[in-house]
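For reference, the structure is listed below as structure tokens.
Nothing in this text is a laboratory measurement; each read-out follows from the coordinates by a stated rule. In this text, all values refer to a predicted model and were calculated from it rather than measured experimentally. For neighbour counting, all protein chains shown are included, and Cβ atoms are generated from backbone atoms with ideal geometry for every residue, glycine included.
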Amino acid sequence: MKRIFVALGVAALAAAAHAQETKVSIAISGWTGFAPLTLAKEAGIFKKRGLDVSIRKIPQKDRHLAIASGDVQCAATTVETWIVWNANGVATTQIFQLDKSFGADGMVVKPTVTKIADLKGKTVAASAPGTAPYFTLAWMLKKNGLSIKDVKVVNLEPQAAANAFIAGNAELDAGMTYEPYLSAVRAKPEAGKIIATTLDYPMVMDTFGCTPKFLADNPKAAKALADGYFDALELIKKDPQKSFEIMGADVKQSAEQFEGSQKYLRWQDRASNQKFFAGEHAAFSKEAADLLLEAGIIRSVPDLSKLSDTQFIK
């Protein structure tokens, strides 16, 4: 009888612990930079920190709709995208930085295109306005004396844009894509050449954020999300092979393929986060907001000082 009571007691404690887990749904894409979030979930890191995390793959152009509807509470996306979402009435707050692109985002062009300025009047594949590929296109064009109005944009998601070049789509002169899809183009140079990446234009950086309501209601969970992400980065250092295996499987890559694609970005640890939010984040957000306004992606600039909360990276 005593054993029965002990067993029941253990079961009750386990049930109570499970009940205490904070449920949170996160929206991401297959972008290599977001992969440590998947690792934190699959390796049980989030669970150990008291979180019941579900991860949903939602295209960047639709991610804010999922937040607005309440389907997800948090998301991962590029810094300038949070500006767009808040400008359009979807209140969100960034709480930690995920990664910086070092060649992981790029522009693919036909072999006959020798410089970005040659794209005037040409057709370029990019995701919809308000997404990172579209913004990257606008940024690269501006740095080369052009604007988004100088090209014809065909809306294709990064994977589809890369596949179009690999398939030899003659109607496209250029396309915007990112890892792991950019590596597929690297592997087939006859399909097109990579004319520029974030090594040439260092302006793609990703952050993680949630709705103000979720943060206010669940401050401990928000801290656990940040700490869980940093834990995942430590796991990658300690056991890279197993980590690459888990993260690669999520995007249908082998551990070796994933290891190759992650070389083009830098995941940001706690120290890097603290440095980034101390000044670089605000400076970039200001320049990005000006370009978004100029490109007609937003009609007004939201209060940039309210777009981040650094208490969770301490």
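Quick one: which of 113-123, 77-87 comes out on top by average Cβ neighbours within 10 Å, and what's the full order, highest first? Mind dumping the intermediate values first?
Details: 113-123: 15.0, 77-87: 24.3.
The peptides rank, most packed first, as 77-87, 113-123.
Percentage of Cα-Cα pair distances in region 204-253 greater than 18 Å, rounded to whole percent?
Details: 625 of 1225 pairs.
Percent of Cα pairs beyond 18 Å in region 204-253: 51.
To make sure I understand the rule: partners must be aspartates and glutamates, Cα under 19 Å from the Cα of Lys220, and not fewer than 8 residues away in the same chain. Which ones qualify?
Output for Lys220: Glu21, Asp52, Asp231, Asp309.
Only four residue types carry charge here, +1 at the Cβ of Lys and Arg and -1 at the Cβ of Asp and Glu. Report the dipole size of the chain about the Cα centre in Debye, rounded to the nearest 20.
Working: 38 positive and 33 negative charges, 94 e Å.
In debye, rounded to 20, the chain gives about 460.
Compute the separation of the alpha-carbon centres of region 40-101 and region 179-193 and state it in Å as a whole number.
28
Which lysines, on any chain, are close to Lys193 with Cα under 23 Å apart, when same-chain ones fewer than 8 places away are left out?
Once the sequence-local lysines are set aside, what remains near Lys193 is Lys100, Lys110, Lys115, Lys120, Lys122, Lys142, Lys143, Lys152, Lys263.
Using only alpha-carbon positions, what ratio does the radius of gyration of region 205-314 give when scaled by 2.2 N^0.38 Å? Please report the intermediate quantities before stating the final value.
Numbers: Rg = 17.0 Å, N = 110, 2.2 N^0.38 = 13.1 Å.
Its radius of gyration relative to the 2.2 N^0.38 Å reference: 1.29.
So, by mean Cβ neighbours within 10 angstrom, what's the order for 222-228, 163-169 with the highest one leading? Please list the in-between numbers first.
Working: 222-228: 22.3, 163-169: 17.0.
So the peptides 222-228, 163-169, ranked by packing, come out 222-228, 163-169.
In vacuo Debye scattering of the chain, one point per C-alpha: log10 I(q)/I(0) at q = 0.06, 0.08, 0.09, 0.11 Å⁻¹?
Ignoring solvent entirely, the Cα scatterers give -0.22, -0.37, -0.47, -0.68.
With each label point set 7 Å from Cα along the Cα-Cβ vector, what nm distance links Gln159 and Ala249?
Here the answer is 1.8 nm between the modelled labels.
Just to be sure I understand the rule: take each whole DSSP H helix in the chain, project its Cα atoms onto its long axis, keep it if the span is 24 Å or more and its mean Kyte-Doolittle hydropathy is at least 0.5. Which ones pass?
Span-like helices here: 2-20.
Note down the net charge around Phe312, summing +1 for each Lys or Arg and -1 for each Asp or Glu among other residues with Cβ under 13 Å from its Cβ.
+3
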